[in-house]
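Q: Structure incoming, see below.
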Amino acid sequence: MGVEGIGARVVRKEDKRFITGKGRYVDDIKLTGMTHAYFIRSSHAHAKVKGIDSSAALKMPGVVAVLTGKQLVDDKVGNLICGWAITSKDGSPMKMGAWPAMAPETVRFVGQAVAVVIAESKNLARDAAEAVVVDYEELPAVADIQAAIKSGAPQLHPEAPGNQVYDWVLGDEGAVSSAFSKAANVVKLDVTNNRLAPNAMEPRAAIADYDAAEEHFTLYTTSQNPHVARLVLSAFYNIAPEHKLRVIAPDVGGGFGSKIFIYPEEMVALWASKKVGRPVKWTGDRTEAFLTDAHGRDHVTHAEMAFDANNKITGLRVKTYANFGAYMSLFSSSVPTYLYATLLSGQYNIPAIHAEVIGVYTNTTPVDAYRGAGRPEASYLIERLMETAARQLKVDPAQLRRTNFITQFPHQTPVIMAYDTGDFNASLDAAMKAIDYAGFPARKAHAKSQGKLRGIGVSCYIEACGIAPSKAVGSLGAGVGLWESAEVRVNPVGTIEILTGSHSHGQGHETTFCQLVAERLGVPISQVSIVHGDTDKVQFGMGTYGSRSAAVGLTAILKAMEKMESKAKKIAAHALEASEADIVIENGEFKVTGTDKAIALPMVALAAYTAHNLPEGMEPGLKESAFYDPTNFTFPAGAYICELEVDPGTGKTSFVNFVAADDFGRLINPMIVEGQVHGGLVQGIGQALLEHAIYDANGQPVTASFMDYAMPRADDVPSFNLSHTTTLCPGNPLGIKGCGEAGAIGASAAVINAITDAIDKNNLEMPATPDRVWRTIHAA
Amino acid sequence: MSTVKLTVNGKAVSVDVEDRTLLVQLLRDHLNLTGTHVGCDTSQCGACVVHMDGRAVKSCTMLAGQADGANITTIEGIAKGDELHPMQAAFRDNHGLQCGYCTPGMIMSAIDIVQRHGGQLDEATVRQELEGNICRCTGYHNIVKAVLDAAGRMKVAQAAE
């Protein structure tokens, strides 16, 4: 490892612009002649739109246009799509209602847009929006899963009787029944996985700029995957063909999944820009983010686990209801199915698993992937079951896990996934040592003498990342491939540009991706730049989500680097009159091994571009590209242990210690990996203790600002004790597994297991607010 | 419309704005100082924190007119040329930022925290004082480290002056 190579804790290249206020986010961009959009949104959870009167608004100062959903239909702008087809157990395709970008007839959640005002400033647009009169005829609404599945419940979409999108199954039901019939012990658990609002700190924004002469659109947008946005806008929404649409995602202020999806606002901004003949800017406010950014989680599950007399798991049966909200968002259908049920084996040898997942519509904001996407729900369920089982079977929870750990790899689970490698005992050992697990009983006794209830909670998570082998996901219903692309350009002076289809919105790619180049060529990272986020600059790529940017994106860069290096070695060998096989690359030079003959990279690059003396038949230039399609998912795994105290008088939880031992395979930049874990852990702790997106019985959101929705703050969470155990991923040449989602996947079960241990009551739903904990302690 | 006269990052400026204009709008829209961000509109997240007469304020929650005659410092005004403010350097060195959106407000709040507490800062105090700044990326771990690190650096810098 060089000072800037793989494994080095290199300080981030991108930081200077962020710490000096020079970041360039969408809302920072101003275009000449730019107008501003303000959306008129439904205040009802379910209603007919009987009419929209914009006559008064159109007379107000600065108003350019008021556009409605009916005009969208007239202009044949397509409805929003769901890109993953799921088939129900009866063989029928999932049942979906249409989702227009602005509702022409019916609104189905509070915040759904019905019209947009375009004006000279945001304030003037907002003023005029107040003068637009929308005539609603209110309809009865269903606000949660229970209400949606009741017989006689109000129906959202005629296409989906009973508000049911699909009833999907995975696994061998007969084998599971047989396991339960022979079980020595059965453990049962009902779990609610609370609905969360993603809340990236930068609200979504879009600027659309139509050039009438060229019939060309430019869209600046807060996207995790600008090429996917362009593809969807072109292929399905009828906005413009791909070569007439440039999508730029500049600095993006966090995503966590919520900026994967193509939303109504950017579609409307593009369409409106052509209609008014000027650039149109929309910047959401925080309440719009709560109302319209796709939410996460929201499952209700009943699960049963069968054990033999030796405390070995013999079967698992899971029935989950998943809330999709009012419409099927872009990847929503895959989240509670292929990203959830396929992980239900956890870290354990479970011979038979059967899962049934029923997806339902409700009159709430659409639900889709949020950091972890299905995997936190699976991990939380399994780890709560293991804890419940340990308590019921009266065995140590860590030991029960060890008894059931998978120890042989590769391991084929009964739910599709084939785990390639891992060492679950090693991470549990590391976590138990870090927290002094053996010393816990003494600490608990001491806390008791101080009037505090101390608890310890273990969570051993596994996830499927490096999303994903295209053929595999295609066979499961995905509408896209999930490879990644890269191009390596060595300039004539020897500096290097890496064009990647990945997108950085906080992950630090501008540093880590350069570290690979530094590792291979021995050049300083200052001579390398990373280009991303602009469909006019970068070849088609799939973007960043599912902890895929290192395992898939960086591997694509490696493949392109290998091609480039191969050509450069031929040029060097020719110049040095040596055999290509004898050329090695060190410290930015191409050397003839065992001699002092060498030629520096800039000279090789210059030779490639002057083309005065290249090997016979070689093309000039030094630029190579690669597309990399992974052969399997990767399987990051680890053990988290949380120790905390509960004040029995108030129900308040205070952290004592939180340790995380993760196996991410090879780390490119440990500093950045640790930062990813810290952030993920706090999102998991936020779910466990604080966060809950709540609707009242009429579908009115109760938590639509930071005054009502409890975001984790600095004094709500502890500092963390992190460590790593390593098994290299055999599926990609760098051995990388991915680290972006682990914290959010593993943390919440550790917290709830610790609180329920402290209060000696097993049933406690998230978020475990002081009020809820106090009531649980004092319940009869 | 009103004329607001104020000093921003050491420069005297005079801006004609609608009376309802917020200080953050004046900075971002009229002066193109886009380092100051808006994250919540309800004075909760602190992405908009700037210094007014040396104290941290949330610029999304005050009218531009209320800053008439004031001395405003934004994230763009704390480095001395190429030399970063110790708080900026500490955020970079401790990986106290990821997406960067909350960072300007965090840094401006953190400078105020260190100034108010002198060198007497510990982790619990930093966490409590950061209650008005929300970060979704870092989990705060490295932000707390950065503030404590900068508190030491600022003490040294002060002693050197």
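The values are calculated or read from the model by the stated rules, or taken from the named source; none is laboratory data. Here the structure is a predicted model, which is why all the values come from computation and not from measurement. Here the Cβ is made from the backbone with ideal geometry for all residues, glycine too, and neighbour counts use every protein chain on show.
Q: So is A:GLY686 modelled with pLDDT of 95 or more, under 30 Å from A:ARG775 (Cβ atoms) and away from every other protein chain (no Cβ under 11 Å) or not?
A: Values: modelled with pLDDT of 95 or more: yes; under 30 Å from A:ARG775 (Cβ atoms): yes; away from every other protein chain (no Cβ under 11 Å): no.
In short, no.
Q: Here's a follow-up. Condition test on A:THR365, is it part of a strand (DSSP E or B) and buried (at least 24 other Cβ atoms within 10 Å of the Cβ)?
A: Numbers: part of a strand (DSSP E or B): no; buried (at least 24 other Cβ atoms within 10 Å of the Cβ): yes.
Spelling it out, it is not the case that A:THR365 is part of a strand (DSSP E or B) and buried (at least 24 other Cβ atoms within 10 Å of the Cβ).
Q: For the subset of region B:107-141 comprising residues that are polar (S, T, N, Q) and within 21 Å of B:LEU84 (Cβ to Cβ), which member is farthest from the chain's Cα centre (by Cα)?
A: Looking only at region B:107-141, we keep the residues that are polar (S, T, N, Q), and these are B:109, B:115, B:120, B:125, B:128, B:133, B:138.
Among the residues that remain, those that are also within 21 Å of B:LEU84 (Cβ to Cβ) are: B:109, B:115, B:133, B:138.
Numbers: B:SER109: 5, B:GLN115: 13, B:ASN133: 10, B:THR138: 18 Å.
Looking at the filtered set, the residue picked out is B:THR138.
Q: Now, a different point. For region A:704-758, enumerate the residues that are surrounded by fewer than 24 Cβ atoms within 10 Å (Cβ to Cβ) and assigned to a helix (DSSP H, G or I).
A: A:ASP715, A:ASP716, A:THR756
Q: Another one. Which condition from (1) surrounded by fewer than 20 Cβ atoms within 10 Å (Cβ to Cβ); (2) without any contact (Cβ under 8 Å) to a residue 40 or more places away in the chain; (3) in a helix (DSSP H, G or I) is the one that A:ALA229 breaks?
A: It is condition (1) that A:ALA229 fails.
Q: State which residue is farthest from the other protein chains (Cβ to nearest Cβ) when the search covers only region B:108-133 and only residues that are under 20 Å from A:PRO718 (Cα atoms) and of a type in the set (D, E, K, R).
A: Here the residue is B:ASP122.
Q: Then there is this: Enumerate the strands (runs of 3 or more DSSP E) found wholly within region A:1-115, keeping only those where 1 or more residues are within 14 Å of chain B (Cβ to nearest Cβ) and crowded, with 19+ Cβ neighbours inside 10 Å.
A: Working: elements: A:35-41, A:47-53, A:63-68.
In region A:1-115, the matching strands (runs of 3 or more DSSP E) lie at A:35-41.
Q: With the requirement that a residue be of a type outside the set (A, V, I, L, M, F, W, C) and more than 9 Å from every other protein chain (Cβ to nearest Cβ), what does region B:139-157 give you?
A: Scanning region B:139-157 gives B:ASP149, B:GLY152, B:ARG153, B:LYS155.
Q: In addition: Which residue out of A:GLY617, A:GLY651, A:GLY594 is assigned by TED's automatic domain parsing to the domain that holds A:ARG384, in a loop (DSSP other than H, G, I, E, B) and at positive phi? Steps first, answer last, please.
A: Values: A:GLY617 fails: assigned by TED's automatic domain parsing to the domain that holds A:ARG384; A:GLY594 fails: assigned by TED's automatic domain parsing to the domain that holds A:ARG384.
None of the other options fit; the residue is A:GLY651.
Q: B:LEU84 fails exactly one of the following numbered conditions: (1) within 11 Å of chain A (Cβ to nearest Cβ); (2) more than 24 Å from B:LYS11 (Cβ to Cβ). What is the number of that condition?
A: (2)
Q: Consider A:ALA101 carefully, then state whether it is at pLDDT 95 or above, hydrophobic (A, V, I, L, M, F, W, C) and under 30 Å from A:VAL357 (Cα atoms). Steps first, please.
A: Values: at pLDDT 95 or above: yes; hydrophobic (A, V, I, L, M, F, W, C): yes; under 30 Å from A:VAL357 (Cα atoms): yes.
Yes.
Q: Can I ask one more? Of A:ARG401, A:ARG371, which residue is in a loop (DSSP other than H, G, I, E, B), in contact with a helix residue (DSSP H, G or I) (Cβ under 7 Å, 6 or more places away or on another chain) and either modelled with pLDDT of 95 or more or under 22 Å from A:PHE440 (Cα atoms) (or both)?
A: On the way: A:ARG401 fails: in a loop (DSSP other than H, G, I, E, B).
Matching residue, one of A:ARG401, A:ARG371: A:ARG371.
Q: Let me ask another. Conditions first: (1) more than 14 Å from the chain's Cα centre (by Cα); (2) crowded, with 24+ Cβ neighbours inside 10 Å; (3) over 21 Å from A:TYR709 (Cβ atoms). A:LYS319 passes all but one, so which condition is the exception?
A: Status for A:LYS319: all satisfied but (2).
Conditions tested, residue by residue: (1) crowded, with 21+ Cβ neighbours inside 10 Å; (2) over 30 Å from B:LEU22 (Cα atoms); (3) more than 31 Å from the chain's Cα centre (by Cα).
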| residue | (1), (2), (3) |
| --- | --- |
| A:SER121 | no, no, yes |
| A:VAL132 | yes, no, yes |
| A:ALA153 | no, yes, yes |
| A:ASP172 | no, yes, no |
| A:ALA175 | no, yes, yes |
| A:PHE180 | no, yes, yes |
| A:ALA184 | no, yes, yes |
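Q: Answer with yes or no whether B:ASP93 is at pLDDT below 95 and within 11 Å of chain A (Cβ to nearest Cβ).
A: On the way: at pLDDT below 95: no; within 11 Å of chain A (Cβ to nearest Cβ): yes.
So B:ASP93 fails the test.
Q: Okay, next question. Taking the conditions exactly as written (surrounded by 15 or more Cβ atoms within 10 Å (Cβ to Cβ), outside any helix (DSSP H, G or I) and either within 12 Å of chain A (Cβ to nearest Cβ) or in contact with an Asp or Glu (Cβ under 7 Å, 6 or more places away or on another chain) (or both)), does B:GLY105 satisfy them or not? Before you say what the answer is, go through the steps one by one.
A: Values: surrounded by 15 or more Cβ atoms within 10 Å (Cβ to Cβ): yes; outside any helix (DSSP H, G or I): no; either within 12 Å of chain A (Cβ to nearest Cβ) or in contact with an Asp or Glu (Cβ under 7 Å, 6 or more places away or on another chain) (or both): yes.
It is false that B:GLY105 is surrounded by 15 or more Cβ atoms within 10 Å (Cβ to Cβ), outside any helix (DSSP H, G or I) and either within 12 Å of chain A (Cβ to nearest Cβ) or in contact with an Asp or Glu (Cβ under 7 Å, 6 or more places away or on another chain) (or both).
Q: Could you please find all residues in region A:260-274 being touching an Asp or Glu at 6+ places or on another chain (Cβ under 8 Å) and either within 14 Å of another protein chain (Cβ to nearest Cβ) or not in a loop (DSSP other than H, G, I, E, B) (or both)?
A: A:TRP271, A:SER273
Q: Just one of (1) free of Cβ contacts under 8 Å to residues at least 12 places away in the same chain; (2) within 14 Å of chain B (Cβ to nearest Cβ) trips up A:MET201, so point out which.
A: Just one mismatch for A:MET201, condition (1).
Q: Answer yes or no: is there a residue in region A:632-644 that is closer than 18 Å to A:GLY740 by Cα, of a type in the set (Val, Ile, Thr), buried (at least 16 other Cβ atoms within 10 Å of the Cβ) and within 14 Å of chain B (Cβ to nearest Cβ).
A: Looking through region A:632-644, none of the residues is closer than 18 Å to A:GLY740 by Cα, of a type in the set (Val, Ile, Thr), buried (at least 16 other Cβ atoms within 10 Å of the Cβ) and within 14 Å of chain B (Cβ to nearest Cβ).
Q: Which condition number does B:ARG92 fail, the rest of (1) without any contact (Cβ under 8 Å) to a residue 12 or more places away in the chain; (2) surrounded by 23 or more Cβ atoms within 10 Å (Cβ to Cβ) being met?
A: With respect to (1) without any contact (Cβ under 8 Å) to a residue 12 or more places away in the chain; (2) surrounded by 23 or more Cβ atoms within 10 Å (Cβ to Cβ), B:ARG92 is out only on (2).
Q: Go through (1) in a loop (DSSP other than H, G, I, E, B); (2) charged (D, E, K, R); (3) more than 7 Å from chain A (Cβ to nearest Cβ) and name the single condition B:ARG136 misses.
A: (3)
Q: While we're on this one: Looking at region A:232-244, I want the residues that are in the same structural domain as A:ASP75 (by TED's automatic domain parsing) and more than 11 Å from A:PHE217 (Cβ to Cβ) and have a partner that is not polar (S, T, N, Q) and not in a loop (DSSP other than H, G, I, E, B) with Cβ atoms under 7 Å, at least 6 apart or on another chain. Which pairs are those?
A: A:TYR237/A:MET267
Q: So, A:VAL276, is that one touching a strand residue (DSSP E or B) at 6+ places or on another chain (Cβ under 8 Å) and of a type in the set (Val, Ile, Thr) or not? Full working, then the answer.
A: Details: touching a strand residue (DSSP E or B) at 6+ places or on another chain (Cβ under 8 Å): yes; of a type in the set (Val, Ile, Thr): yes.
It is true that A:VAL276 is touching a strand residue (DSSP E or B) at 6+ places or on another chain (Cβ under 8 Å) and of a type in the set (Val, Ile, Thr).
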